[in-house]
Amino acid sequence: MRLQSKVAIISGGASGIGRETCQLFAREGAKIAVIDINEQHGLQTVELIQQEGGEAIFIRTDVSKEDDVIRMVDQVIEHYQRIDVLFNNATWYTIAAATDMPLADWQKTLDINLTGPFLCCKYVLPEMMKHGGSIINTSSVGGTSAFYKHPAYNAAKAGVNLLTKNLALDYGKHQVRVNCISPGIIETPLTQRDLQDPEKFNNLTERCFTGRIGKPSDIAYAALYLASDESTFVTGSNMMVDNGWTAR
């Protein structure tokens, strides 16, 4: 029960890393606010938690929209009376070189991957400043290493890295810790299109030192450490959970 009685908001909680983290945090004693734009799958996450005896609510939220984020935070406070952990995990990307990328795709990538974490932090921080807390942002190895035809995603995740450091600096005096996790290639619904291509799959596994693709649980357990009181001396950090991708 490493998160006993803590209240955790987890974005992108309807599937993949987000769902895995929601379930793990609930097993460790946290009360969960599952937020996502996919209501059907978000409610399924809540049901899975409740079947295991955990406590969770779903709030449909587009993290790129300020009004949605404000409403979401208000509902979490109304339901649980506090916020201890925020895991900004929602993500989206498209594959196109800069000269071929529509401006709308560039903007959507930045809105979800960078503006979304900013808005959630902006409106959760006033609550956390009352008693402290932990914010975890999902970055990527793509925040430090370039991917072919991912200009918007690379730019957004690099922004997440420095946003994390800035917030850690500004709010540490309020006992709020802010860290990010940089996953390598993880098997999720979002990455299936790459992993189903044998050539791409082989190329990706060659970058992994132990020769395996990551699982959502690999990231969930890293987030659990950063959410728990075991990491109270860790802030402003970028945890690489990438099977050696960035060590090469």
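The values are calculated or read from the model by the stated rules, or taken from the named source; none is laboratory data. Quick caveat: nothing in here was measured; it's all calculated off a predicted structure. Positions of Cβ are generated from backbone atoms using ideal geometry, with glycine treated the same way; all protein chains shown enter the neighbour counts.
For the reader, a short list of remarks on this structure follows.
- Verdict on Thr138 being in contact with a helix residue (DSSP H, G or I) (Cβ under 8 Å, 6 or more places away or on another chain), under 25 Å from Ile70 (Cβ atoms), among the hydroxyl-bearing types (Ser, Thr, Tyr) and touching a residue at least 40 places away in the same chain (Cβ under 8 Å): yes
- Taken together, the residues in region 55-98 that are under 20 Å from Val160 (Cβ atoms), among the hydroxyl-bearing types (Ser, Thr, Tyr) and either in contact (Cβ under 8 Å) with a residue 60 or more places away in the chain or surrounded by 24 or more Cβ atoms within 10 Å (Cβ to Cβ) (or both) amount to 3.
- Meets criteria (touching a Pro at 6+ places or on another chain (Cβ under 8 Å), farther than 26 Å from Tyr123 by Cβ and modelled with pLDDT under 95) for Thr188: yes
- Here Glu78 fulfils each of the conditions (1) among the charged types (D, E, K, R); (2) in a helix (DSSP H, G or I); (3) touching a helix residue (DSSP H, G or I) at 6+ places or on another chain (Cβ under 6 Å) apart from (3).
- Of all the listed residues (Ile213, Ile219, Ile186), the sole one being among the hydrophobic types (A, V, I, L, M, F, W, C), in contact (Cβ under 8 Å) with a residue 40 or more places away in the chain and farther than 19 Å from Leu86 by Cα is Ile186.
- Residue match in region 121-130 (condition: of a type outside the set (A, V, I, L, M) and over 19 Å from Ser11 (Cα atoms)): yes
- Unique match (being under 23 Å from Ile32 (Cα atoms) and part of a helix (DSSP H, G or I)) among Lys173, Lys108, Lys122, Lys130: Lys122
- Pairing each residue of region 197-209 that is without any contact (Cβ under 8 Å) to a residue 24 or more places away in the chain and surrounded by 12 or more Cβ atoms within 10 Å (Cβ to Cβ) with any residue that is in a helix (DSSP H, G or I) and of a type in the set (A, V, I, L, M), provided the two are 6+ apart or on different chains, yields C-beta distances under 8 Å for Phe201/Leu195; Leu204/Leu195.
- Test: residue in region 82-103 that is in contact with a Leu (Cβ under 9 Å, 6 or more places away or on another chain), modelled with pLDDT of 95 or more, over 29 Å from Ala247 (Cα atoms) and among the acidic types (Asp, Glu): yes
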